[in-house]
Amino acid sequence: MIPILLHLGPLTIYSYGLMMALGFLAADLVISLDCRRRGIDRDFSSAMVVWSAIIGIAGARLLDVLNNLPTYLANPKMIIFSGSGFVWYGGLMGGILASYMVSRRWHLSFKVTADMAGPALAIGQAIGRIGCQLSGDGDWGLPSKVPWAMAYPRAIIGWNSQTVLTLNDNGQLISGYFPGVRVHPTPVYETILYTIVFFVLWRFRLHNRVDGRVFYLYLMLAGASRFTVEFFRINPRVAFGLLSEAQLIALGMITLGVIAWVVSGMGRSRQDAQAGVTGAQAGSAA
């Protein structure tokens with residue numbers, strides 16, 4: 001675990017920030033390759049990644065500030081200078097907004113843009129979670145005795161009774177700290193799952209014939225991945241004493257992805273049927 005890589009005068013280089021930057025570079029490469037396949041100017045890729053990074057990071061920080069407002073009000077400098085405190089869903093919403101803006105600027109279909117963004121988002125998430133693992137920013141899981149459970153003694157947010165938590169019978173967080181405690185390394189779980197999601201999407205895009213479906217599949221797979229891992233993470237259960245806020249959002253992603261997938265398939269069927277009718281009429285006329 002290496003939360004801080006080095007100090008350059010007043011500037012601190014965090015491992016989380018480095019992995020975030022690498023995630024954006026990987027996303028840029030993925031979109032650039034897809035641009036080449038589609039015959040789209042590669043400058044489009046750079047524009048989308050840069051604006052998604054700016055607005056996405058702002059959205060990720062904003063959602064964390066809203067979720068932890070008393071903490072940030074007590075120390076406002078943390079909003080800018082903290083090496084932790086980003087919520088992925090805020091970044092996702094910011095990234096979608098940025099992608100829409102860039103697609104309009106370049107006069108490209110937003111569905112096509114979203115399809116190119118799906119695999120890029122997955123690989124960016126996978127690399128970003130490595131940053132969570134290296135920094136120990138609190139994204140670890142509940143105490144566990146599984147063989148691969150681990151401790152985060154150098155975590156950037158501390159490793160103590162306030163950060164090592166477990167759930168009580170009501171689904172609320174309480175201290176789970178004791179000497180020698182180990183927890184689920186949930187950032188590793190997410191890195192593995194999002195890497196799998198990336199390869200599934202990267203392969204599927206070559207066979208997809210309906211614009212938007214790569215991104216719809218991303219919503220389903222990424223949502224299912226986060227929903228699953230969340231059972232091991234230290235977030236309070238806010239619904240039925242079982243589900244966390246992140247799981248509710250993940251269910252929303254899955255539902256939206258499924259609905260969009262079904263509707264897009266119906267639209268494709270109508271187009272194929274219409275094409276068949278037109279072809280038959282042309283044959284009769286001949």
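Derivation of every value follows stated rules applied to the coordinates shown; laboratory data play no part. Just so you know, these numbers come straight off a predicted model, no measurement behind them. Here Cβ is always computed from backbone atoms with ideal geometry, including for glycine, and neighbour counts include all displayed protein chains.
Values as computed for the structure displayed
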| quantity | calculated |
| --- | --- |
| Sorted by Cβ density within 10 Å, fewest first, the residues Glu190, Glu230, Glu245 | Glu245, Glu230, Glu190 |
| Point-to-point label distance, Leu256-Leu8, nm (Cα→Cβ direction, 7 Å offset) | 3.6 nm |
| Largest-first principal axis extents of the Cα set of the chain (Å) | 85, 47, 36 |
| Most to least packed among 93-100, 246-253 [average Cβ atoms within 10 Å] | 93-100, 246-253 |
| Gain on full stretching of the segment that runs from Asp169 to Val238 - 0.36 nm per residue minus C-alpha separation | 23.6 nm |
| Neighbour-count ranking [beta-carbon atoms within 10 angstrom, fewest first] of His207, His7 | His207, His7 |
| Pairwise FRET efficiency - Ser264 versus Leu66, Cβ, R0 = 41 Å, nearest 0.05 | 0.80 |
